[in-house]
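Structure first, commentary second.
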Amino acid sequence: MSERSAFLSATSACAALALLLTAAPLAQAQQKIICWKDKTGKVVGCGDRVPPEFQQNESKTLDNRGITRQTNVSAEEAARLKLEAEKKAALKVEDDRKIAEQRRQDSALVNTYTSDKEIDQRRDREVQVVDLQLVHLKSSLKNAAEAEAVLLKRNGDIAKSGKQLSPALADELARSTDERKRVEARVAEKEKDKAAIIARYAEQKARYLELRGGSTTTTQPAPAPAAKK
């Protein structure tokens, strides 16, 4: 073997050795250990791979120094986190919708009225309509109650006399009572409508003043029409 060939062989051997020495620590550094848990969250084993029966459970990947490099949650936890993320996304969509709707309402509010006094005037017009309906309903209620009272007295007198109350008279009283209750329910419904109108315009007025940053010129609701006697 010539001196040149011997030199090249020695050089190649040294290079190979250097490569092995360099690769050994790298291969060692790349070694990893996986530890897996059971359904209760208790670590039940470690190795280079998770057994099939534990692959749906939580596991951790550690390097050769025992430092956790990766955590895989259980399938159950992953499903819970997904559901939680979906709920948060849905809440955000709803919040965005409410914000957009509030902006739309605010724009309509400031473009509809030139002062808060106009809000009071519009409220009064709507309240007066309901008040007129209440006047008629309360008059009907008074008549229905009086008619029921007459029938109650008549049927009571018949019962006191020892006579048998006829089915026709009993039915007449039942119809009269039903009518009185029906009108009472209508009166209660209209009273709620009136309260809702006042509350709605109070809310609109407060928001209008907040948006305008102005002072209030509040007017009291118009008095209700007098009930018919």
The conditions are (1) modelled with pLDDT of 75 or more; (2) in a loop (DSSP other than H, G, I, E, B); (3) aliphatic (A, V, I, L, M), and residue 1 fails exactly one of them. Which is it?
(1)
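Among the residues in the range 69-92, are any of a type in the set (S, T, N, Q), within 24 Å of residue 209 (Cα to Cα), at pLDDT below 95 and over 15 Å from the mean Cα position of the chain (by Cα)? Even if it seems obvious, please write down each step before you answer.
Step one: of the range 69-92, the residues of a type in the set (S, T, N, Q) are 70-72, 74.
Restricting the remaining residues to those that are within 24 Å of residue 209 (Cα to Cα) gives none.
Looking for residues that are of a type in the set (S, T, N, Q), within 24 Å of residue 209 (Cα to Cα), at pLDDT below 95 and over 15 Å from the mean Cα position of the chain (by Cα), one finds none in the range 69-92, hence no.
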Go through the residues of the range 154-174 one by one and say whether even a single one is of a type outside the set (Asp, Glu), touching a residue at least 24 places away in the same chain (Cβ under 8 Å) and either surrounded by 13 or more Cβ atoms within 10 Å (Cβ to Cβ) or over 30 Å from residue 212 (Cβ atoms) (or both).
yes
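If I go through the range 84-114 residue by residue, how many of them are outside any helix (DSSP H, G or I) and surrounded by 11 or more Cβ atoms within 10 Å (Cβ to Cβ)?
Narrowing the range 84-114 to residues outside any helix (DSSP H, G or I): 113-114.
Adding the requirement that they be surrounded by 11 or more Cβ atoms within 10 Å (Cβ to Cβ) leaves 113.
Looking only at that region, the number is 1.
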Which listed residue, of 131, 157, is among the acidic types (Asp, Glu) and modelled with pLDDT of 95 or more:
131
Kindly provide the set of residues from the range 44-83 that are in a loop (DSSP other than H, G, I, E, B) and either surrounded by 10 or more Cβ atoms within 10 Å (Cβ to Cβ) or in contact with a strand residue (DSSP E or B) (Cβ under 7 Å, 6 or more places away or on another chain) (or both), ordered by number.
48, 49, 50, 51, 55, 56, 57, 58, 64, 73, 74
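Do we have residue 117 as within 30 Å of residue 212 (Cα to Cα), touching an Asp or Glu at 6+ places or on another chain (Cβ under 9 Å), part of a helix (DSSP H, G or I) and touching a residue at least 40 places away in the same chain (Cβ under 8 Å) here? Full working, then the answer.
On the way: within 30 Å of residue 212 (Cα to Cα): yes; touching an Asp or Glu at 6+ places or on another chain (Cβ under 9 Å): no; part of a helix (DSSP H, G or I): yes; touching a residue at least 40 places away in the same chain (Cβ under 8 Å): yes.
Judged against the criteria, residue 117 is not a match.
On the basis of being in contact with a Gly (Cβ under 9 Å, 6 or more places away or on another chain), of a type in the set (D, E, K, R) and within 14 Å of residue 206 (Cβ to Cβ), does residue 120 make the cut?
Numbers: in contact with a Gly (Cβ under 9 Å, 6 or more places away or on another chain): no; of a type in the set (D, E, K, R): yes; within 14 Å of residue 206 (Cβ to Cβ): yes.
In short, no.
The values are calculated or read from the model by the stated rules, or taken from the named source; none is laboratory data. Keep in mind it's a predicted model, so treat the numbers as computed, not measured. Cβ coordinates were reconstructed from backbone atoms using ideal geometry, including for glycine residues, and neighbour counts include every protein chain displayed.
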